[in-house]
Amino acid sequence: MPQKKVLLMIKVNVTWSLIDEFNEYWARENLPLLEEHGARHIGSYVNLVGGPLNEIVRLFEFEDLSHWEKFNAWLFGRKAQDNQNERTISPDKPKKYVTSMEEKLLVSIY
């Protein structure tokens, strides 16, 4: 049975007055590192109807669960077996913007 793709959905609630600054920071600092370490950014979305306007949903795709596990090991500061790059995302800087965050790992049903 072939491995199924995995999606990581990250919902971030951002302080309303800092949304533009947060998005600029995220695109400049976080996105390049995430992509460099194997996360394929599908897109970033906000609610148009029926949800908080300050909630940003980001979707990332991984080839399979083991691909995500390697990424997750890097993300939390543990050196992945094939990763020679020591840079990691600083957890302190986004705290300035983020009021809450939720992550969900989704597996394709096909």
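Quick one: would you say residue 28 is under 16 Å from the mean Cα position of the chain (by Cα), outside any strand (DSSP E or B) and at pLDDT 90 or above?
The answer is yes for residue 28.
Quickly run through region 88-110 and pick out the residues that are assigned to a loop (DSSP other than H, G, I, E, B) and either within 18 Å of residue 68 (Cα to Cα) or at pLDDT 60 or above (or both).
88, 89, 97, 108, 109, 110, listed by residue number.
Any idea which residue in region 54-73 is nearest to residue 18 (Cα to Cα), counting only those that are in contact with a strand residue (DSSP E or B) (Cβ under 6 Å, 6 or more places away or on another chain) and part of a helix (DSSP H, G or I)?
The extreme case among them is 68.
Find all pairs meeting these conditions: Cβ atoms under 6 angstrom apart; at least six residues apart or on different chains; first residue within region 66-82 and on the phi > 0 side of the Ramachandran plot and among the aliphatic types (A, V, I, L, M); second residue at pLDDT below 75 and in a loop (DSSP other than H, G, I, E, B).
Nothing qualifies.
State whether one or more residues within region 58-67 are charged (D, E, K, R), closer than 25 Å to residue 107 by Cβ, surrounded by 13 or more Cβ atoms within 10 Å (Cβ to Cβ) and out of contact with any Lys or Arg (no Cβ under 7 Å at 6 or more places or on another chain).
Within region 58-67, one or more residues are charged (D, E, K, R), closer than 25 Å to residue 107 by Cβ, surrounded by 13 or more Cβ atoms within 10 Å (Cβ to Cβ) and out of contact with any Lys or Arg (no Cβ under 7 Å at 6 or more places or on another chain).
Out of (1) within 27 Å of residue 110 (Cβ to Cβ); (2) modelled with pLDDT of 90 or more; (3) loosely packed, with under 15 Cβ neighbours inside 10 Å, the odd one out for residue 21 is which?
Single failed check for residue 21: (1).
The values are calculated or read from the model by the stated rules, or taken from the named source; none is laboratory data. Computed from a predicted structure; not experimentally measured. Cβ: placed from backbone, ideal geometry, glycine included. Neighbour counts: every protein chain shown.
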